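Shown next, in structure tokens, is the structure this report addresses.
The values are calculated or read from the model by the stated rules, or taken from the named source; none is laboratory data. Computed from a prediction, not measured in an experiment: that's the story for all the values here. Cβ atoms come from the backbone with ideal geometry, glycine included; neighbour counts cover every protein chain shown. Each accessible area value is taken on the protein alone, full model and side chains, heavy atoms only, with ligands, DNA and RNA left out. Shrake-Rupley method; radii C 1.70, N 1.55, O 1.52, S 1.80 Å.
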Amino acid sequence: MKAFAYRVAKSEEEACKLLGEKAVAIAGGTSLLNLMKNHVVQPDTVVSISRLSGCDKIEPAAAGLKVGANVRIADLAASAEVKKGYPALAQAAANVASPQIQHMGTIGGNLCQRPSCWYFTQEAFDCLKRGGSTCPAREGENEFHAILGNDGPCVMVHPSSLAPALVALGARVRIAGPAGAREVGIEELFVLPKTNPRAETVLAPNEIVTHVLLGASWPQSATYEVRQKASNDWAISTASVALKIEGGSCADARVCLGAVAPVPWRAAGAEAALKGKPVTEESALAAAEAAVAGATPLNQNAYKVTTARTAVRRAILLAAAAK
Amino acid sequence: MKYPVALTVNGRRHEVEVEARTLLVQLLRDELGLTGTHVGCEDSLCGACTVILDGKALKSCTRLAVQADGSEVLTIEGLAEEARRAGIASPSGLHPIQEAFWDRHGVQCGFCTPGMVLAAKELLERCPRPTEEEVRRGIDGNLCRCTGYQRIVEAVRLAAERLAASAPAPGERRAPA
């Protein structure tokens, strides 16, 4: 690891002042430190945001819950309020890597982590995201890469396990920057490579996510992950689904896929297929088909169309079965 | 440039100066001489470097020493002493989890054992009577290439039984061993 200076920010104002092009924020460090060990990220300064005041709690808010960016993934998975009101998020948190990583990683870090694409994380490759000329995954080893939204210059999949659940739950994100704070819908946090091939979020180098804001609860919500290994693995397809079922039919539905596109991938077609119908095996399958209808797999990952469809179908049925 | 770090390791306070890029595991092994914490993958995957920091198991290869300033760390070297102080040490002076790994042959080459034992300790603190499935989830972050895990799972469940049997009744204080 290249040598760097270390600063501890006590407030968001101080953090935004210290951060910049060559100064990166560290919270749990589970993504950043491994990239630094591989010389993929080489900051001059690392700014700890772990001790920011007011960012380490899950608190009731007017509409729902206010979750500090430094809340640990383990605490999110164990929270009674999250499990009851937002099961899709609790399940997504419980799926993350391993107990140790869940104790280290934070919700803010999970949203802002860099990609786990093997071309991005290894210095030797000429990766577009790191200033290279092309995306080696497009014609290379792309079995885990994007099947949707892959018409841009980079075919990474977004690595966040929590983002699909937060999209399905309609969360908002509070961002602090040098000019003050702003709030955006979670879908607006992420950018496709065709908008910006170098970054995954709209955050400027001196901005940080400080809170995730959850609105009214979605008790009928669920997350289903398909992975190669039962434990300690990245998802190959995830689906998070939030439903409102009234009088036996689906009054509202939000469906988001993970690990299949460079951003968490909202599936409007699946939502439309569910609305107004009873949730059954048949309607769930029809919605799952609609979710992957536009898929354009690469040369090694056509199988992900099937795993994504299965994830959507199972997440819909789990959400409908939740009380 | 060096940064001051003050932390308590196995009950002993240390004040050291480290480079910002020093990993917690490097501080433990190279500065403090506590080589029971192993380095396997150095990539937060294998769990050999697991320590307990402020009550939570984490991977010390993926934590800067400066981030641990002000923390309390337990490594494998401090486990038996902690058990003796709590009055729950086995007759051979080990922590009941260590004793159960011995009895159930949960150790072969031993490389993963310090991390595995500490992951098990943290699991049993938040889940004192785990099912087999819960034990397997609890050691998700720890790789073992020898045992096939079966003996380790049995050892953790035996340790849970013994710890439950030796737990003091509410309000009862045990004399130190």
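Quick one: accessible surface of B:Glu31, probe radius 1.4 Å, all protein chains present, in square angstrom to the nearest 10.
Counting only protein heavy atoms, the figure is 110 Å².
What's the average, rounded to a whole number, of partner chain beta-carbon atoms within 10 Å of each residue's beta-carbon in A:224-231?
So the per-residue partner count for this stretch is 1.
Within the stretch A:169-218, report the trypsin sites (Lys or Arg not before Pro) that DSSP leaves as loop and that have at most 16 other Cβ atoms within 10 Å. Walk me through the numbers before you get to the answer.
Working: sites: A:Arg172, A:Arg174, A:Arg182, A:Lys194, A:Arg198; in loops: A:Lys194, A:Arg198.
Counting only loop positions with at most 16 other Cβ atoms within 10 Å, the trypsin sites (Lys or Arg not before Pro) in the stretch A:169-218 are A:Lys194, A:Arg198.
If you take all C-alpha pairs in chain B, what percent of them are over 29 Å apart?
Summing the P(r) of chain B above 29 Å gives 21 percent of all pairs.
Relative contact order of chain A, please, whole-number percent, based on alpha carbon pairs below 8 angstrom and at least 6 residues apart.
18
Can you tell me the accessible area per residue over the stretch A:235-283, all protein chains present, probe 1.4 angstrom, in square angstrom?
Here the residues of the stretch A:235-283 average 35 Å² of exposed surface.
Could you work out how far the C-alpha centroid of the stretch B:71-90 sits from that of the stretch A:246-323, in angstrom?
Using only Cα atoms, the two centres lie 49 Å from each other.
Given the Cα atoms of the stretch A:222-321, and with Rh set as the inverse mean 1/r over their pairs in the Kirkwood sense, what is Rg to Rh to two decimals? Don't jump to the answer; show the numbers that get you there.
Values: Rg = 13.0 Å, Rh = 13.3 Å.
Ratio of gyration radius to Kirkwood radius for the stretch A:222-321: 0.98.
Using a 1.4 angstrom probe and counting only protein chains, how large is the accessible area of B:His105 in Å², to 10?
100
For A:Phe144, A:Phe120, write out the residues from largest to smallest accessible area, computed with a 1.4 angstrom probe and no ligands counted.
A:Phe144, A:Phe120
With axes computed from alpha carbons, what is the tilt in degrees of helix A:281-291 against the longest principal axis of chain A, rounded to the nearest 10 within 0 to 90?
Roughly 40 degrees between the two axes.
Normalised by the residues of the stretch A:222-321, what does the relative contact order come to in percent, with Cα pairs under 8 Å and at least six apart?
30
Chains B and A: how much accessible area gets covered up at their contact, both sides added, probe 1.4 Å, in Å² to the nearest hundred?
Roughly 2300 Å².
With a/c under 1.5 counting as rounded, go ahead and sort chain A into rounded, prolate or oblate using the C-alpha gyration tensor (a ≥ b ≥ c being the square roots of the eigenvalues; past the cut-off, prolate if a/b is larger than b/c, else oblate).
The shape class here is oblate.
With angles folded into 0 to 90 degrees, how steeply does helix A:303-321 sit against the dominant principal axis of chain A? Use alpha carbons for both and round to 10.
Its long axis makes an angle of about 70 degrees.
Return the whole-Å distance between the Cα centroid of the stretch A:125-196 and the Cα centroid of the stretch B:97-158.
Going from one Cα centre to the other spans 37 Å.
Over the Cα atoms of the stretch A:1-102, what radius of gyration and what Dmax do you get, in Å?
Expressed in Å, the Cα Rg and Dmax of the stretch A:1-102 come to 15.7, 45.
With runs of 4+ DSSP H residues as the only contributors, calculate the mean residue ellipticity of chain A at 222 nm using -39,500 (n - 2.57) per run, divided by the residue total and rounded to the nearest 500.
On the way: 12 runs with 93 residues, N = 323.
Computed mean residue ellipticity for chain A: -7500 deg cm²/dmol.
If DNA, RNA and ligands are ignored and the probe is 1.4 Å, what is the ranking of B:Arg13, A:Arg313 by accessible area, most exposed first?
Details: B:Arg13 155, A:Arg313 60 Å².
My answer, sorted largest first, is B:Arg13, A:Arg313.
Given H placed 1.01 Å from N in the peptide plane, which residues other than close sequence neighbours of B:Ala48 have an amide H under 5 Å from its amide H?
Sorted by chain and number, the residues that satisfy this are B:Gly40, B:Cys41, B:Leu143.
Please calculate the 1.4 Å probe accessible area of A:Asp233, with all protein chains present, and give it to the nearest 10 Å².
Per-residue accessible area (A:Asp233): approximately 40 Å².
Output the pairs from A:Lys57/A:Lys83; A:Lys84/B:Lys121; A:Lys244/A:Lys275; B:Lys2/B:Lys56; A:Lys37/B:Lys59 with a Cα-Cα distance over 18 Å in this structure; if there are none, say none.
A:Lys84/B:Lys121; B:Lys2/B:Lys56, as the Cα separations exceed 18 Å there.
Given contacts defined as C-alpha pairs under 8 Å and at least six residues apart, what's the relative contact order of the stretch A:96-190, whole-number percent?
Relative contact order comes out at 20 percent.
Would you work out what percent of the accessible area of chain B, with all protein chains in place, is carbon or sulfur (probe 1.4 Å)?
48
Accessible area of chain A with a 1.4 Å probe: how many percent of it is carbon plus sulfur?
For chain A, the apolar C and S fraction of the accessible surface comes to 52 percent.
At a 1.4 Å probe, which residues in the stretch B:48-85 are at least 20 Å² less accessible with all protein chains present than in their chain isolated?
Those residues are B:Lys56, B:Ala57, B:Leu58, B:Lys59, B:Thr62, B:Arg63, B:Leu64, B:Val66, B:Gln67, B:Asp69.
Kindly identify residues of the stretch B:136-151 having a loss of at least 40 Å² in accessible area between the isolated chain and the assembly of all protein chains, probe radius 1.4 Å.
Residues of the stretch B:136-151 that lose at least 40 Å² of accessible area once the other chains are added: B:Arg137, B:Asp140.
Dimensions of the stretch B:33-99 along principal axes (Cα, Å, largest first)?
Sorted from largest, the Cα extents of the stretch B:33-99 read 37, 26, 22 Å.
List the residues of the stretch A:22-41 for which accessible area in the full set of protein chains is at least 50 Å² lower than for the chain on its own; 1.4 Å probe, protein heavy atoms only.
A:Leu33, A:Asn34, A:Lys37
Compute the accessible area per residue over chain B, keeping the other protein chains in place, probe 1.4 Å, unit Å². The partial results should precede the final answer.
Numbers: 8310 Å² over 177 residues.
That works out to 47 Å² per residue.
Roughly how many Å² is the accessible area per residue of the stretch A:44-124, as a whole number, for a 1.4 Å probe?
Per residue, the stretch A:44-124 has an accessible area of 37 Å².
Only loop residues by DSSP count here, and only those with at most 15 other Cβ atoms within 10 Å; note down the GluC sites (Glu not before Pro) in the stretch A:1-66 that meet that. It would help to have the intermediate numbers written out before the result.
Working: sites: A:Glu12, A:Glu13, A:Glu14, A:Glu21; in loops: A:Glu21.
Of the GluC sites (Glu not before Pro), the ones in loops of the stretch A:1-66 whose Cβ has at most 15 other Cβ atoms within 10 Å are A:Glu21.
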